[in-house]
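This report refers to the structure that appears directly beneath it.
The values are calculated or read from the model by the stated rules, or taken from the named source; none is laboratory data. Just so we're clear, the structure is a prediction, and the values are computed from it rather than from any experiment. Cβ placement follows ideal geometry from the backbone for every residue including glycine, while neighbour counts extend to all protein chains displayed. Heavy atoms of the whole protein, side chains included, go into the accessibility calculation; ligands, DNA and RNA do not. Shrake-Rupley method; radii C 1.70, N 1.55, O 1.52, S 1.80 Å.
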Amino acid sequence: ENPVYYVQYAHARAHSILAQVPDRPAAAPPGPPAELDPSERALVMRIADWQVAVAEAEERRAPHRVVAYLIELAREFHAFYHRCRVVGEPDDLAAFRIDLCRATAATAKTTCMQAASTKGTDKDRKP
């Protein structure tokens, strides 16, 4: 069980879902639906904890905490993936879940790049 592949797979799954939806879903009310699935709630909480986790790892000089955060993020996303349908749901629910996929992919990518102390590839940089 290589954690790199586990996180990479979560990132790929998120992008696989995003590839199936239009760039901008139909207008929907902002914010989460009235009731969240437990896996949605756990994923939202994990994403919200990102800045704290990275700051704590930096403060304590413990880079392994970033890796642990990424593994937990991937674990929460895989649970969400198995429990919650995104494509084909009502617009407000789909929009929220699409945003969760986007946030997961962005958080995983950003955290990985920070952990590697890199600014990304030349393609990611603006001239």
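Given the criteria part of a loop (DSSP other than H, G, I, E, B), at pLDDT 85 or above and surrounded by 12 or more Cβ atoms within 10 Å (Cβ to Cβ), does residue 21 qualify? Yes, satisfied.
Would you confirm whether or not the stretch 71-78 contains a residue that is at pLDDT below 95 and either of a type in the set (Phe, Trp, Tyr) or loosely packed, with under 11 Cβ neighbours inside 10 Å (or both)? No: zero hits.
So that you can scan it fast, the table gives a plain yes or no per residue for (1) touching a residue at least 40 places away in the same chain (Cβ under 8 Å); (2) of a type outside the set (A, V, I, L, M):
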residue	(1), (2)
3	yes, yes
11	yes, yes
16	no, yes
34	no, no
60	no, yes
63	yes, yes
69	yes, yes
83	yes, yes
92	yes, yes
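The numbered conditions (1) in a loop (DSSP other than H, G, I, E, B); (2) open to solvent by 40 Å² or more (accessible area, probe 1.4 Å); (3) at pLDDT below 90 are all true for residue 85 except (3).
Which residues, taken from the stretch 52-70, are open to solvent by less than 30 Å² (accessible area, probe 1.4 Å) and farther than 22 Å from residue 11 by Cβ? Of everything in the stretch 52-70, just one residue is open to solvent by less than 30 Å² (accessible area, probe 1.4 Å) and farther than 22 Å from residue 11 by Cβ, namely 62.
Quick check on the stretch 32-51: of everything there that is under 13 Å from residue 107 (Cα atoms) and part of a helix (DSSP H, G or I), which residue is least open to solvent (accessible area, probe 1.4 Å)?
Within the stretch 32-51, the match that is least open to solvent (accessible area, probe 1.4 Å) is 43.
Only one of (1) modelled with pLDDT of 90 or more; (2) polar (S, T, N, Q); (3) open to solvent by 20 Å² or more (accessible area, probe 1.4 Å) fails for residue 110. Which number is that? Just one mismatch for residue 110, condition (1).
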